[in-house]
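Report on the structure given below.
The values are calculated or read from the model by the stated rules, or taken from the named source; none is laboratory data. Since the model is a prediction, treat every value here as computed from it, not as a measurement. Neighbour counts are summed over all protein chains in view; Cβ atoms, including those assigned to glycine, are modelled from backbone coordinates with ideal geometry.
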Amino acid sequence: MSASALPQERRVVTAVPGPKSIELQARRAAAVAQGVGSTLPVFASRADGGVIEDVDGNRFIDFGSGIAVTTVGASAEAVVRRASAQLADFTHTCFMVTPYEGYVAVAEALAELTPGDHAKKSALFNSGAEAVENAVKIARAYTKRQAVVVFDHGYHGRTNLTMALTAKNMPYKHGFGPFAPEVYRVPVAYGYRWPTGAENAGPEAAAQAIDQIVKQVGAENVAAIIIEPVLGEGGFIEPAKGFLPAIREFATENGIVFVADEIQSGFCRTGQWFACEDEGIVPDLITTAKGIAGGLPLAAVTGRAEIMDAAHAGGLGGTYGGNPVACAAALGAIETMKELDLNARARQIEELMKARLAAMAEKFDAIGDIRGRGGMIAIELVKDRTTKEPDAQLAAAVAKACHNEGVLVLTCGTYGNVLRFLPPLVIGDELLNEGLDVLEQAFGAV
């Protein structure tokens, strides 16, 4: 798919990491805070299409996309062209001081692309966590209520409020409290681990969640319900069918703002512009970031005009929010997504990957579940298919074996036992298959 200047091939010419990366790692250890980790300590020098090249000349097949960010590749022509042109004009004025057209154009594009045909408005920020935090502010301003409901296995960011919204303690919350109040967590329809079976998960989890909200919080006190239509860090969990529509309906009936956190799942990642479209969910507010701007920092809250307008003038903003270069990059990313029909491409990737992973599951009992949509696919690894005991050690070992052979894969999941695959949607079939060959060999070796 990619007409990249970087050769689209896997190449391992040194140990992983190589000597130059090891040298840079020593500099990093002296200068960068330890709390900032890295999955694979090789230092990138170039990246595009489905490949990342490191300073030692190794080329890795990219199954991570910078955590679902470089959907259009890491140096897409339209992104580079538009961002470069903007860079030459001006880097910043602050939209809250003297506005510029790029911000408005991104807001218009978001109104066009997000679900629902109601009047919409947007506000732009820098990161996914900021978008979620501002969605909460907007929902509270609109409803004059305080409580926020989130779900088991959910991930929403690393700021104080979004740590409270996030389910997983380690590494996101451990030692960083106290957290923001008025946050309530309820069950989610995790089909693979639902006690009475996946087929019952949707209605049963929805009933449990609603029952807890009504009894423990009071529906009339809830400002917002926030959910990822496919739960990302939690393990690429697709809520069982029927769960999201039931929660959406409950929100509507009780005047609660329904927020779809599409930060990891949005912008063609699941084979649709947004993952909530799968069951026809129209959220009141939708948060986006990651894939929105081809690698530049940008995030947005988009939603019903009357809700978005609830905050007083000056109540929303931030110095860099909707930076002009990032806005130009976003318009380039959206242009690329449309031009290459990356929704269709994501569906092709799903078909290819799921077929290969299903064949692997027949060979390796450790693969307990294959799930996800589009270019957002995962396998959950277990010690035993009957007990479904999570095998985080195996996930780490397989990932490391892949890294050593030049394939970048990421792990995730509440139990740390999920291998997730987020290839750039411009990756070619040949690279995709080769990466899966390496994965299969890694399972065999480990």
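Go through the range 235-279 residue by residue and tally those that are of a type outside the set (Lys, Arg) and part of a helix (DSSP H, G or I). Residues that pass the stated criteria total 15.
Residue pairs whose Cβ atoms lie under 8 Å apart, sitting 6 or more positions apart in sequence or on different chains, and linking a residue in the range 177-188 that is surrounded by fewer than 15 Cβ atoms within 10 Å (Cβ to Cβ) to a partner that is of a type in the set (D, E, K, R), are PHE179/LYS173. Screening the candidates PHE243, PHE250, PHE236, PHE258 for the property of being more than 23 Å from the chain's Cα centre (by Cα) and outside the structural domain of LEU422 (by TED's automatic domain parsing) yields one hit, PHE250. Starting from residues that are over 16 Å from the mean Cα position of the chain (by Cα) and of a type in the set (Gly, Ala, Ser), keep the ones in the range 367-412 and report whichever is surrounded by the most Cβ atoms within 10 Å (Cβ to Cβ). Taking the candidates together, the pick is ALA395.
Residues being among the aliphatic types (A, V, I, L, M) and farther than 30 Å from VAL106 by Cα are represented in the range 56-72 by at least one member. Would you be able to say whether some residue in the range 314-326 is in the same structural domain as PHE90 (by TED's automatic domain parsing), in a helix (DSSP H, G or I), of a type in the set (Gly, Ala, Ser) and at pLDDT 95 or above? Yes; the residues of the range 314-326 include at least one that is in the same structural domain as PHE90 (by TED's automatic domain parsing), in a helix (DSSP H, G or I), of a type in the set (Gly, Ala, Ser) and at pLDDT 95 or above. If you go through the range 189-208 and keep only what is assigned to a loop (DSSP other than H, G, I, E, B), buried (at least 19 other Cβ atoms within 10 Å of the Cβ) and of a type outside the set (Phe, Trp, Tyr), you end up with just ALA189. The set of residues from the range 90-128 being free of Cβ contacts under 8 Å to residues at least 60 places away in the same chain and either not hydrophobic (A, V, I, L, M, F, W, C) or not in a loop (DSSP other than H, G, I, E, B) (or both) comprises THR98, PRO99, GLU101, VAL104, GLU108, GLU112, ASP117.
Of all residues in the range 129-167, those that are within 23 Å of CYS94 (Cβ to Cβ) and in a helix (DSSP H, G or I) total 10.
In the range 138-176, which residue that is touching a strand residue (DSSP E or B) at 6+ places or on another chain (Cβ under 9 Å) and among the basic types (Lys, Arg) is nearest to GLU220 (Cα to Cα)? Residue satisfying both the conditions and the ranking: ARG145. Restricting attention to the range 413-428, the residues being on the phi < 0 side of the Ramachandran plot and buried (at least 23 other Cβ atoms within 10 Å of the Cβ) number 11. Within the range 209-234, being assigned to a helix (DSSP H, G or I) and surrounded by fewer than 24 Cβ atoms within 10 Å (Cβ to Cβ) holds for ILE210, ASP211, GLN212, ILE213, VAL214, LYS215, GLN216, VAL217, ALA219, GLU220, ASN221.
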